Amino acid sequence: MRVTWSGGRLTFRLDAEDEITGRAADDHPVKLATNSCSIGGAPADAHPDLYAVAAWTIVAPWTRRRITFDRAVSAEVAAALYDGWGIEAGPVGAEPRRTGARLAISYSGGADSVAAAAIHPSAPFVHFRRVPHPRVPNRWPHYRSDVLAKLAERTGRELTTVTSDLEFTLAEPRPGYPEHHAVAAGALLLADRMNLGGLAFGYELGSRWLGGDRYLLRFTPDNPMWAPHGAWGRLFAAAGVHIVLPVGGVSEAVTMRLALNSELKEQVRWCLRGTEGPCRTCGKCLYKELIQAAVERRPLDTPVTADRPVARKWLQPPPYGGQEMIEYGLARVPGIERSLFAKALDHFEATEESTSWLDHCYPPAIEEIPEPWRAEAAAFLSSQVGLMTEAEVRRVETWGA
Ligand SMILES: [Zn+2]
């Protein structure tokens, strides 16, 4: 792979051994659509390691053996690419970037990201906004990135919105981030200007420790995407921008509660379809409604009926993505046995007691937060959430066993 940056425009050329259908770190197959993309507002003078890591978040799935950058990178970043992926990177010759002092939040407006924002109230936001690609037709006009960007502006927080068409480098399964970390490409390029030493993501307990969507039902202390000692964690650290997961130790029930109690509650939006509010009919809205109803201890309020395509998976047996939250909802939502989740009830013995570990914070997640920001997160999570007991910790560490 050969990559070239020209301002904020990235062009990449595949080497003979590279393939147009690759695999992302979550093992998902992704097919290349086009070999260029742009990041709006990127500075022309960022550290070469920042350009390199930003490019890697986009081209990693398609790169097999080596990557050649258009400017020399540090030996540290080259080593992280080799250790993490077995990729030879060069040319090497830059001094490493010094870790910055500030933490920014990669802000999506969803409940997890709002909860992360509540934990670090003075951290600025960097918001990724999808824009059309000049050479790829946009067949997804229902995706309202403009609405999310406006909501982000209304938070009153220091905000940088990064526009990018990088999601259109993906032909299949659909436009999206080639790697989950590509959402950070703009923040990485801005890291010198913003003096960033850390970037906080809204990945919660399920994504960090319970395997997320791909590693269903497995405790994942060595999660390659989000563990500080994983390939991505070490690469970001080598460029002086640590991955920080303020809500990595709490479930989506807790992030929902924190978000709905936060001063940003009017700006919370997890659905990318509605303009005036969430669409209430997509799969994500349905899943989040289950969690919200459980947190608010009220019956499910949804127009979705069991004959709708988005309801179909709840008529099938598990495993489900986010299964811990399904159990949590089944145990808590009044009247769930008369809802479209009734069939799923057959497969679980979930009770409030058996799911109460999902109301507390997994302490090793706090230990993972880099030192400059750990105390602030620890104080908030101890006082507003509470730490798991040893028995609850065992529930995390035996998940799926
Ligand atoms: Zn929706």
*residue 153 to residue 315: extension gain in nm, 0.36 nm per residue of separation minus the Cα-Cα distance?*
54.4 nm
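Suppose R0 equals 41 Å. What FRET efficiency, 1/(1 + (r/R0)^6) with r the Cβ-Cβ distance, do residue 122 and residue 343 give to the nearest 0.05?
0.35
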_Whole angstrom only: what separates the Cα centroid of segment 261-311 from the Cα centroid of segment 180-195?_
30
_Can you give the local net charge around residue 259? Use residues other than it whose beta-carbon is closer than 12 angstrom to its beta-carbon, Lys and Arg +1, Asp and Glu -1._
-1
*Between 323, 7, 30, whose Cα lies farthest towards the positive end of the dipole of the chain when Lys and Arg beta carbons carry +1 and Asp and Glu beta carbons carry -1, centred on the Cα centre?*
7
*Specify which residue in the list 389, 334, 362 is farthest towards the positive end of the charge dipole of the chain, using unit charges on the beta carbon of Lys, Arg (+1) and Asp, Glu (-1), about the Cα centre.*
334
*Mind pulling up the Rg/Rh value for segment 102-249? Radius of gyration and Kirkwood radius, both on Cα.*
0.96
*asked:* Working only with C-alpha atoms, what are the Rg and Dmax values of segment 277-401, expressed in angstrom?
replied: 16.5, 50
_Virtual spin-label span in nm between residue 135 and residue 71, 7 Å along Cα→Cβ_ = 2.4
*Along the Cα-to-C-beta direction of residue 382, a point sits 7 Å from the Cα; which residues of segment 246-280 have their amide N less than 19 Å from that point?*
246-250
_Please report the net charge: other residues with Cβ closer than 10 Å to the Cβ of residue 279, K and R +1, D and E -1._
+3
*Simple spin-label model, 7 Å along Cα-to-Cβ: residue 375 to residue 273 in nm?*
4.7
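Tell me, what does the Kirkwood hydrodynamic radius of the chain come to in angstroms if you use every pair of distinct C-alpha atoms?
21.7
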*With springs only between Cα atoms under 10 Å apart, run a GNM on the chain and tell me which of 167, 179, 19 wobbles the most.*
19
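Given a cut-off of 18 Å, name the pairs among 31/284; 150/265; 265/288; 288/313; 265/313 whose C-alpha atoms lie farther apart than that in the structure shown.
Numbers: 31/284 24 Å; 150/265 14 Å; 265/288 15 Å; 288/313 15 Å; 265/313 30 Å.
Check vs 18 Å cut-off fails for 31/284; 265/313.
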*Using 0.36 nm per residue of separation minus the Cα-Cα distance, give me the extension gain between residue 193 and residue 353 in nm, one decimal.*
52.8 nm
_Once you keep just the Cα pairs under 8 angstrom separated by 6 or more residues, what percentage relative contact order results for segment 318-373?_
38
*Under a point-charge model restricted to the Cβ atoms of Lys and Arg (+1) and Asp and Glu (-1), what is the dipole moment magnitude of the chain relative to its Cα centre, in debye to the nearest 20?*
1240
*Going by the alpha-carbon gyration tensor, a ≥ b ≥ c the square roots of its eigenvalues, is segment 2-94 rounded (a/c under 1.5) or, if a/c is not under 1.5, prolate (a/b greater than b/c) versus oblate?*
oblate
_Of all beta bridges DSSP finds with both residues in the chain, what is the antiparallel percent, to the nearest 5?_
40
*Find the all-direction average of the projected area of the Cα convex hull for segment 88-181, expressing the result in square nanometres with one decimal place.*
9.0
*Got the relative contact order for segment 102-249 handy, in percent, Cα pairs under 8 Å and 6 or more residues apart?*
26
*Taking only C-alpha pairs under 8 Å that are 6+ residues apart, what is the relative contact order of the chain in percent?*
17
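Summing +1 for each Lys or Arg and -1 for each Asp or Glu, what net charge is found among the other residues whose Cβ lies under 12 Å from the Cβ of residue 17?
On the way: positive: 64, 65, 66; negative: 15, 18, 19, 88.
So the surrounding residues net to -1.
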*Where both residues lie in segment 105-253, what percent of DSSP beta bridges are antiparallel, nearest 5?*
10
*Sorted peptide list for 372-382, 354-364, 140-150, criterion being average Cβ within 10 angstrom, highest first*: 354-364, 372-382, 140-150
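Every read-out reported here was derived from the displayed coordinates using simple, explicitly stated rules and does not represent laboratory data. Not measured: the values here are computed from a predicted model. Positions of Cβ are backbone-derived with ideal geometry, glycine not excepted, and every protein chain shown enters the neighbour counts.
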